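Structure record follows, encoded as structure tokens.
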Amino acid sequence: MKEYWTSLASLLGVLAFCQSLMNSVFPPELRYASLKLVNRFFQLFSSFCYFDITEIDGVNTNELYNAVQLYLSSSSVSSSNRLSLTRALNSSSITFGLSNNDSIFDTFNSATVLWEHIVTQRQTQTFAWRPMPEEKRGFTLRIKKKDKSLILDSYLDHIVEKADEIRRRNQDRLLYTNSRGGGGGLDSRGLPWESVPFKHPSTFETLAMDPVKKREIMEDLKDFAECQSFYRRTGRAWKRGYLLYGPPGTGKSSMIAAMANYLGYDIYDLELTEVKSNSELRKLLMKTSSKSIIVIEDIDCSINLTNRGNKFNEPEMTLTGSGLGDESVNGNGNGNGNGNGNGNTITLSGLLNFTDGLWSCCGSERIFVFTTNHIEKLDPALLRSGRMDMHVYMSYCTFPSLKILLRNYLGYEEGDLSDDVLKELEGVVEKAEITPADVSEVLIKNRRDKERAVRELLEDLKRRAERNENKGESRGQNGSLTVADDVEEQEKRALDSPYAEEEEEIEDSICKISED
């Protein structure tokens, strides 16, 4: 046994001597170059190639590293035994990630790749302008050489798009409003928009609306969000406009919230009375992000659109701070439409360029939504395709929308109510001309007693229907239109206004006078 330990000690001594000799004959730089040369030699016969994606590129954060980390979080849950959990700022969900020095396989277009998350200790820094993390992090991508062109051309773009989708889905949506004074007023961070978390629970499933019309809107939104290549190929700006019009209480604001929740977009609620000029309106547009909905509610109440009568002397559309749509006057009280008492003036040209001009193209994947209770008050230039592409009439409560409200507030499904009650509701709901908001109020008030809620709702509907029938008889004697015909006639009047034929001439004159 003693001889065994003596031999081992002698061997260790020889190894130590050889190591010292190697360090003297072959310095570290030469050994590193030799190893690099050997690796290159073996790589010539290897069927794989490798790509390193570091967390920090120089002094800047590598966005591709963050994208890969998010992308792998969607596939690592089912294929890894050890995961790291993170929760980002303004996020309501937990993200699963690949642990340190772990690996995972991924497949893209029948090509299999290997991702490794490499974490090592960073060497001690003597001096640096920017402190670096103690750990050096990065991903190593191993792919087959035959798949190199496929991976570089499509796979990395797929990773970035998928990461953006995951980030948008995990991050809480925000509701923005313009700071006081428009582009001139800034918040504490120097931005013209102030934001709060958007927590509105409205969805298309709970929205009281005709299912056919609802499905049409959802398909239109989906086509818009997924057709970037179509807009690029046809040379159109990637944006779309929706006009929501109808009586108050029919769910226009709930529709906007449902659109935002369906697409995962932020909402910019533009208050025009706080904007002083066209230039500030453009600045606000420039500070909006992509994948957002820009909303102007009750546009007929916040700005004056009835001044086309004298198209060359009064080309401007001015803010009416009172919200009543009155003609504004200047400081001299001559009512020439050049401004109001607060000096807030937005021209028709400015609003048209905001929705459909060159400045509307400064971002991508934006939706413009205007709401109004009186479509006949809007200028035809705002209603044409390209500005408001889809006109959605938010009608009074119909029988299909009534069943949705009964399900939402009372939990009634198909078959829970008797056929007699359903027939009575179906026979009077459209004659009653009641808004979803009024129906909701009756159901909320009696939600603890479902039978009483249905009974009071039916009585209210019958009372409203009888009253409307009496009014309808008097209208019929006077030759008035029915409600449905009146709505259709209002939209036709707005689109076929006598000024619509002169739209191009008027817009040109507006632009010229605005420039002067």
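The values are calculated or read from the model by the stated rules, or taken from the named source; none is laboratory data. Quick caveat: nothing in here was measured; it's all calculated off a predicted structure. So basically every Cβ, Gly included, is an ideal-geometry build from the backbone, and we count neighbours across all protein chains shown. Please note that ligands, DNA and RNA were not included when accessible areas were found on the heavy atoms of the full protein model with its side chains. Shrake-Rupley method; radii C 1.70, N 1.55, O 1.52, S 1.80 Å.
Of the residues that make up the range 386-408, is at least one under 30 Å from residue 351 (Cβ atoms), touching a residue at least 12 places away in the same chain (Cβ under 8 Å), open to solvent by less than 60 Å² (accessible area, probe 1.4 Å) and of a type in the set (Val, Ile, Thr)? Among the residues of the range 386-408, at least one is under 30 Å from residue 351 (Cβ atoms), touching a residue at least 12 places away in the same chain (Cβ under 8 Å), open to solvent by less than 60 Å² (accessible area, probe 1.4 Å) and of a type in the set (Val, Ile, Thr), which makes the answer yes. For the residues 70, 21, the requirement of being farther than 30 Å from residue 172 by Cβ and either assigned to a helix (DSSP H, G or I) or at pLDDT 75 or above (or both) singles out 21. Within the range 177-202, take every residue that is of a type in the set (Gly, Ala, Ser) and touching a strand residue (DSSP E or B) at 6+ places or on another chain (Cβ under 6 Å) and give me the one that is modelled with the lowest pLDDT. Applying the filter and picking the extreme gives 179. Per the listing 454, 428, 439, the residue uniquely assigned to a helix (DSSP H, G or I), touching a residue at least 60 places away in the same chain (Cβ under 8 Å) and open to solvent by less than 40 Å² (accessible area, probe 1.4 Å) is 439.
For the range 468-486, the criterion of a residue being assigned to a loop (DSSP other than H, G, I, E, B), at pLDDT 90 or above and open to solvent by less than 90 Å² (accessible area, probe 1.4 Å) is satisfied by no position.
Look at (1) outside any helix (DSSP H, G or I); (2) over 30 Å from residue 208 (Cα atoms); (3) of a type in the set (Ser, Thr, Tyr) and you find that residue 242 fails only one, number (2).
Flag set for residue 222, criterion: within 22 Å of residue 266 (Cα to Cα), assigned to a helix (DSSP H, G or I) and not small (Gly, Ala, Ser).
Each row is one residue, and each column tells you yes or no for (1) in contact with a Lys or Arg (Cβ under 6 Å, 6 or more places away or on another chain); (2) at pLDDT below 60; (3) open to solvent by 10 Å² or more (accessible area, probe 1.4 Å); (4) within 17 Å of residue 284 (Cα to Cα).
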{"position": "332", "(1), (2), (3), (4)": "no, yes, yes, no"}
{"position": "339", "(1), (2), (3), (4)": "no, yes, no, no"}
{"position": "362", "(1), (2), (3), (4)": "no, no, yes, yes"}
{"position": "372", "(1), (2), (3), (4)": "no, no, no, no"}
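Give the range 457-467 a look and list any residue that's under 16 Å from residue 417 (Cβ atoms) and open to solvent by 90 Å² or more (accessible area, probe 1.4 Å), or say none. Hit for the range 457-467 is 459, nothing else. Taking (1) assigned to a helix (DSSP H, G or I); (2) within 16 Å of the chain's Cα centre (by Cα); (3) surrounded by 15 or more Cβ atoms within 10 Å (Cβ to Cβ) in turn, residue 159 satisfies each apart from (2).
For the range 260-277, a residue qualifies if it is in contact with a strand residue (DSSP E or B) (Cβ under 6 Å, 6 or more places away or on another chain) and assigned to a helix (DSSP H, G or I), and the qualifying residues are 260, 272, 273, 274.
Looking only at residues of the range 49-71 that are open to solvent by less than 60 Å² (accessible area, probe 1.4 Å) and hydrophobic (A, V, I, L, M, F, W, C), we find that the one that is nearest to residue 111 (Cα to Cα) is 49.
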